[in-house]
1. Multiply the residue separation of S371 and A101 by 0.36 nm, subtract the distance between their alpha-carbon atoms, and state the gained length in nm to one decimal.
2. Could you work out how far apart the two model spin labels at V164 and D242 are, taking each label as a point 7 Å from the Cα in the direction of the beta carbon, and quote it in nm?
3. Express in nm, to one decimal, how much length is gained between W271 and V249 on full extension, taking 0.36 nm for each residue of separation and deducting their alpha carbon distance.
4. I need the calculated FRET efficiency for the pair W364 and R185, taking r as the beta carbon distance and R₀ as 41 Å, to the nearest 0.05.
5. Taking amide H positions as placed in the peptide plane 1.01 Å from N, state which residues far from W246 in sequence (5 or more) or on other chains have amide H under 5 Å from it.
6. State, as an integer percentage, the relative contact order of the chain based on alpha-carbon contacts under 8 Å between residues 6 or more apart.
7. Quickly estimate the mean residue ellipticity at 222 nm for the chain, helices only: each DSSP H run with n ≥ 4 gives -39500 (n - 2.57), and the total goes over all residues, rounded to 500.
8. Compute the projected area of the convex hull of the Cα atoms of region 312-372, averaged over all viewing directions, and report it in nm² to one decimal place.
Amino acid sequence: MPPASASPAIVLAATTAVQSAAALAALTLPAVAPVVAADYGVPASTAGTYIALLYVGAALAALLAGGSGLRVGVLRLSQVAMRMCAADLLLGGASVLWIAAVAAMLLGVGYGPITPASSHILARTVATANRNLVFSIKQTGVPAGTALAGLLVPPLTVAYGWRVAAAVIALICVLVALLVQPLRRHIDADRDRAARLSLRALGDSLRLVGRTPRLRTMAAVSFAYAGMQMCVSVFIVAYLTDEIGWTLVSAGLALTTANAAGIVGRIGWGWVADRWLTPRRTLALIGGLMAVSSGAAALFGSGWALTPVLLVCVALGASAIGWNGVYLSEVARLAPTGQAALATGGCLFFTFVGVVVCPFLFGWLQRTSGSYALCYGVATAACAVVAVVLGRGSEEAGAR
């Protein structure tokens, strides 16, 4: 454990700042997708392809986070990842579309190691009694970074252009990497210079998940839950504007409401998992709420007033955007001692695959059926199945 000078509160603040900066970098260009797309002469919906490429890179990088983090130090890995995000934001400003596509995937490579690294750090520094809450607070960095992208990038783009906006966010990533530097000696004290960095090591995370039944369950849960999270974030505005007839401003308010509820939900569910329910039962409860709120969203119609729609969005956000901290804490608990980054990387591979696959299937079903409501109805059934499986399963002590 790091010495007293690197207190748990400081470590939590540092990991949350890194998580926020990574999310901010990932959402920088999607936040001004119409402007960027017009510059490249492609439809604004190409932002979906950008996100898919980013998470393909993130999924692969998550697998490498365990071995590379142990060898170079997990905080050093986070700093390298931050600088890579910065460089790829600048590369994304190239005027050649295929270079921008490569930059999207490389930005994902920078984004992917952040969560496994921070899980390793917190697993060593957080008291067991508060682990779910602390992990959940750290994971508020993702919606916070998303919110910052919405607050900073559009005004900068209007004033100076999207390439300058991307450069400003790149500078923020570099500054965050520098600000956490004083913690390196303490946090990276457990680095293992003998840890392998090879192509074979790429599969170590997957093999760990594959041979650990409870980690396999968590990986499957995260595939479904992460997919639902992206289906809320990516499609709720289009659903409300195209199918229900809302204005873009009102639909944007619904998305903001869902993300704000997600921030509160992440903290609240962490507290519930520490004080009232076990993490597995908490994740089952979250899945149940996800199913109920998705089912309610499937019933939206032109006669719905603003308030009830926003209440549904609160429930959607609290569940579909609020589950991550409890999940990551449980993965760290189930991991063998000293292998939290390895286990998290393996499970996050499936999380990121869910982010890529589920929105693609959701979009395909919408184009085929012409109904967002039907898509949210199908998502209801999927979330309900996961909640039932979690609720019926038994608890198990971690692998320590």
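No lab work stands behind these numbers, since they all come straight from the coordinates. The model shown is predicted, which means the values in this text are computed figures rather than measured ones. Cβ atoms come from the backbone with ideal geometry, glycine included; neighbour counts cover every protein chain shown.
1. Working: separation 270, 0.36 × 270 = 97.20 nm, distance 2.98 nm.
Net length gain for the segment: 94.2 nm.
2. Using points 7 Å along Cα→Cβ, the separation is 3.4 nm.
3. Full-extension gain reported as 4.6 nm.
4. E(calc), rounded to 0.05, equals 0.25.
5. So W246 has HN proximity to T241.
6. 25
7. One gets -25500 deg cm²/dmol as the mean residue ellipticity at 222 nm.
8. Mean orientational projected area (region 312-372, Cα hull): 5.1 nm².
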